[in-house]
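Please treat every number below as a calculation from the coordinates, not as lab data. Predicted model only: the values in this text are computed from it and were never measured. When we count neighbours, we look across all protein chains shown, and the Cβ atoms used for this are built from the backbone with ideal geometry, even at glycine.
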């Protein structure tokens, strides 16, 4: 089984930080990068989005990218009048290539943002430093600086609306888990009460502690999906895995669901 070193597959071109502006050259494989300004919500928060456009056939990665992917890292620290930013992740796609499974988006990635201003009466200046990987036949690490001044009521954006509609449906209470130590981490086995559907893939994460997670293995017992994955921290040792912190996303032809927390089986 692959271990965290798999995430260090050759990244064939390293690029300096690039402001995502029309007049600046973008890296190979990327057609555009911008902040969609979105609209002001009734509660005073603002809905915006990061939009990354890729050349046909190129892909980028989800928050938990799989065996050999590169997770996006987004830093909003340079923003002004921003108390909090929640990134909303649409359901990804699974890619199987050269015996490795990765998870992400092809051709474009739109990540809606729910922005809480420090002072709702004042405009927001959003600054997003984004480190990500994009891949075709080669993989390219990219650093982008995206920014926008967000003021006024704005207007609903169909691209942001579509991305929000693609978020996995939350279904609490569907899974029960057992957790056991392995040589370099922990193994989680989940029993998920879910009718069978074609193309099922279970994706495991810890919400508060990102780390390398193996490709999951799964089998069916009637209306129960049995899935397991291994969590390997940087220490390479067993650790206290908090089951309430587990998040399982199941993708299938029937749609995507997200399960937060996985109590003892």
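Here is how the numbers come out for the structure above:
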quantity	calculated
Entry for P(r) over Cα pairs in 10 Å bins from 0, in percent (calculated from the structure that is shown) out of (i) 7, 30, 37, 21, 5, 0; (ii) 6, 25, 27, 19, 12, 6, 3, 1, 0; (iii) 7, 28, 33, 24, 9, 0	(iii)
Prolate/oblate/rounded label for segment 139-265 (Cα gyration tensor, a/c 1.5)	oblate
Difference of contour (0.36 nm per residue) and Cα-Cα distance, residue 170 to residue 217	14.7 nm
At R0 = 41 Å, FRET efficiency that the Cβ-Cβ distance of residue 53 and residue 240 yields, to 0.05	0.45
Mean Cα-pair separation over length for the chain, i.e. relative contact order, pairs under 8 Å, 6 or more apart, %	19
Max mean-square fluctuation residue, GNM over the chain, Cα-Cα springs under 10 Å, options 42, 153, 195	42
Gaussian network model of the chain, springs between alpha carbon atoms under 10 Å - residue of 67, 253, 131 with greatest fluctuation	253
Two-site label geometry, residue 86 and residue 136: point separation in nm, points 7 Å out along Cα→Cβ	3.7
Top of 222, 147, 173 by mean-square fluctuation, Gaussian network on the chain, Cα under 10 Å	222
Three-way shape label, segment 87-186, alpha-carbon gyration tensor, a/c 1.5	prolate
Separation of alpha-carbon centers, segment 28-55 and segment 84-148, rounded to whole Å	9
Prolate/oblate/rounded call for segment 191-263, Cα gyration tensor, a/c under 1.5 rounded	prolate
